[in-house]
Amino acid sequence: MINNITAEKNRIQKVLEASNIKLATVISDVFGASGRRLLEHLISEGYIDEADVGQKIHKRMAHKKKQITDSLFGTLNDHQLFLIKHSWEHIVYLEKSIREIDERMDQILINYQEEIELLDSIPGINREIKLLSYLTKPCE
């Protein structure tokens, strides 16, 4: 699912760049909190003006307001907005699915906290790999 999210983000970025919207040159993470708010506004309204930028970006980015506004000066046609909207909706769906799977894994493993702590003590192996190895071992 993570690979699918990355692919959808790349698709959105490609459409934005083809439309001369160079948001990635000003915002380090186009899909971070401020970038997400800007993209959501762009999807719903089809454009973003300077006042909208000021409302959507984080206070720490206020000094970049003019640069961000300038980077959004491009032309999106209906088809490009359609593509961005559907990629965005797919990202939201995948992120929700990942959260639900994580919650489900936590519920399943609630009775195995001691074992999980032992797995967590192994350096260099992330949580998901440890949990997966534990979940897929044969039942005793």
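Structural remarks
- Flag for Ile91 being at negative phi, buried (at least 16 other Cβ atoms within 10 Å of the Cβ) and either in contact (Cβ under 8 Å) with a residue 12 or more places away in the chain or assigned to a helix (DSSP H, G or I) (or both): yes
- Scanning the stretch 1-44 for residues that are touching a Gly at 6+ places or on another chain (Cβ under 8 Å) and among the small types (Gly, Ala, Ser) returns a single hit, Ser19.
- Index of the failed condition, Glu100 passing every other in (1) within 24 Å of Lys14 (Cβ to Cβ); (2) modelled with pLDDT of 90 or more; (3) not β-branched (Val, Ile, Thr): (1)
- Considering residues of the stretch 94-125 that are among the small types (Gly, Ala, Ser) and under 28 Å from the mean Cα position of the chain (by Cα) only, the residue surrounded by the most Cβ atoms within 10 Å (Cβ to Cβ): Ser97
- Residue check: Thr75 meets all listed conditions (1) part of a helix (DSSP H, G or I); (2) in contact (Cβ under 8 Å) with a residue 40 or more places away in the chain but one, namely (1).
- The condition of being modelled with pLDDT of 85 or more and either more than 23 Å from Ser28 (Cα to Cα) or among the hydrophobic types (A, V, I, L, M, F, W, C) (or both) holds for only one of Ile43, Ile48, that being Ile43.
- Within the stretch 72-79, one or more residues are farther than 21 Å from Glu8 by Cβ and either out of contact with any strand residue (DSSP E or B) (no Cβ under 8 Å at 6 or more places or on another chain) or of a type outside the set (A, V, I, L, M, F, W, C) (or both).
- For the stretch 76-84, the criterion of being modelled with pLDDT of 90 or more, under 13 Å from the mean Cα position of the chain (by Cα) and closer than 27 Å to Met1 by Cβ is met by no residue.
- Matching helices (runs of 4 or more DSSP H) fully within the stretch 1-61 where at least 3 residues are hydrophobic (A, V, I, L, M, F, W, C) and within 15 Å of Lys85 (Cβ to Cβ): 2-18, 33-45
The values are calculated or read from the model by the stated rules, or taken from the named source; none is laboratory data. These figures come from a predicted structure and were not determined experimentally. Counting neighbours? That spans all protein chains shown, and the Cβs are built from the backbone with ideal geometry, glycine included.
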